[in-house]
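Down below is the structure, laid out as structure tokens.
The values are calculated or read from the model by the stated rules, or taken from the named source; none is laboratory data. Everything numeric in this text was worked out from a predicted model, so none of it was measured. Virtual Cβ from ideal backbone geometry, glycine too; neighbours counted across all protein chains shown.
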Amino acid sequence: MATLLKRSVLVLFCLTTIAATPGCAISKKDCLADDWQTKGYQDGQRGKSPDVISTYAKSCAKHGVTPDASAYAAGFDVGIKEYCTPEKGFSEGEDNDSYSGACPADLEPAFLEKYISGLRVALDDLAIEYDRDSIELDRIRDHKDWLVSQGASHSKEDKQIKYLTGRLRSNGSKRSSLNDKIRRWSARL
């Protein structure tokens, strides 16, 4: 019950501050539907931050509607418990999905352990992909060198080299991002 009260206070605070969060707009139809408990449940089940209600409040204010913070918090509390499981943590990590940090303190350690394990699997998959692309790039460069020595056209190989070089650069960025996530969330354990 204390958690629900704390969550309600947080939600009310967010409603008064109305901090905008990109990508969380709500339609006029949803504002008027007046089923804030279900909306809270769905947001919790998706692992969204409870702060998202402040964006709903801002959007709904344009339509003269104020979200029911208590109903939203009650639904959110149920939904977030379904989201914050070790199984969901692993799945979210393996898919390299973002984690908003919304899990309650008692559920977060088990969720994060598996989330980090899933991120490591995603990192391993990227490393395998990188190695595969590097081997292919070397093969194409060797073939291009042979074509050049024969005086043949190599424009197709140039395009492939450019494409694979871009993939390798992108892969490196993704792996760097994953390592950052792993470090950030590991520090929270």
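Just one of the listed residues (TYR72, TYR163, TYR130, TYR115) is of a type in the set (Phe, Trp, Tyr) and in the same structural domain as GLN45 (by TED's automatic domain parsing), namely TYR72. The set of residues from the stretch 63-92 being in contact (Cβ under 8 Å) with a residue 12 or more places away in the chain and not in a helix (DSSP H, G or I) comprises HIS63, VAL65, THR66, PRO67, ASP68, CYS84, THR85.
Say whether the condition of being at positive phi and either under 16 Å from the mean Cα position of the chain (by Cα) or free of Cβ contacts under 8 Å to residues at least 24 places away in the same chain (or both) is met by at least one residue in the stretch 93-111. Checked against the condition, which is being at positive phi and either under 16 Å from the mean Cα position of the chain (by Cα) or free of Cβ contacts under 8 Å to residues at least 24 places away in the same chain (or both), the stretch 93-111 yields at least one hit. Being outside the structural domain of LYS174 (by TED's automatic domain parsing), at pLDDT 90 or above and in contact with an Asp or Glu (Cβ under 6 Å, 6 or more places away or on another chain) holds for only one residue in GLN45, GLN37, and it is GLN45.
Residues checked against (1) among the hydroxyl-bearing types (Ser, Thr, Tyr); (2) at negative phi; (3) in a helix (DSSP H, G or I); (4) touching a residue at least 60 places away in the same chain (Cβ under 8 Å):
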position: LYS114; (1), (2), (3), (4): no, yes, yes, no
position: ASP133; (1), (2), (3), (4): no, yes, yes, no
position: LYS144; (1), (2), (3), (4): no, yes, yes, no
position: VAL148; (1), (2), (3), (4): no, yes, yes, no
position: SER176; (1), (2), (3), (4): yes, yes, yes, no
position: TRP185; (1), (2), (3), (4): no, yes, yes, yes
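Residues of the stretch 25-62 that are part of a helix (DSSP H, G or I), within 27 Å of GLU92 (Cα to Cα) and of a type in the set (Gly, Ala, Ser): GLY40, GLY44, SER54. What are the residues in the stretch 154-183 that are under 16 Å from GLU94 (Cα atoms), out of contact with any helix residue (DSSP H, G or I) (no Cβ under 6 Å at 6 or more places or on another chain) and not charged (D, E, K, R), if any? If the condition is that a residue be under 16 Å from GLU94 (Cα atoms), out of contact with any helix residue (DSSP H, G or I) (no Cβ under 6 Å at 6 or more places or on another chain) and not charged (D, E, K, R), then SER176, SER177, ASN179 are the ones that fit. Regarding the stretch 116-123, can at least one residue be identified that is modelled with pLDDT of 95 or more and more than 30 Å from GLN45 (Cβ to Cβ)? Scanning the stretch 116-123 turns up no residue that is modelled with pLDDT of 95 or more and more than 30 Å from GLN45 (Cβ to Cβ).
Here is a check on your reading of the model: is GLU157 modelled with pLDDT of 95 or more, within 34 Å of the chain's Cα centre (by Cα) and either of a type in the set (Asp, Glu) or not in a helix (DSSP H, G or I) (or both)? Criteria not met by GLU157.
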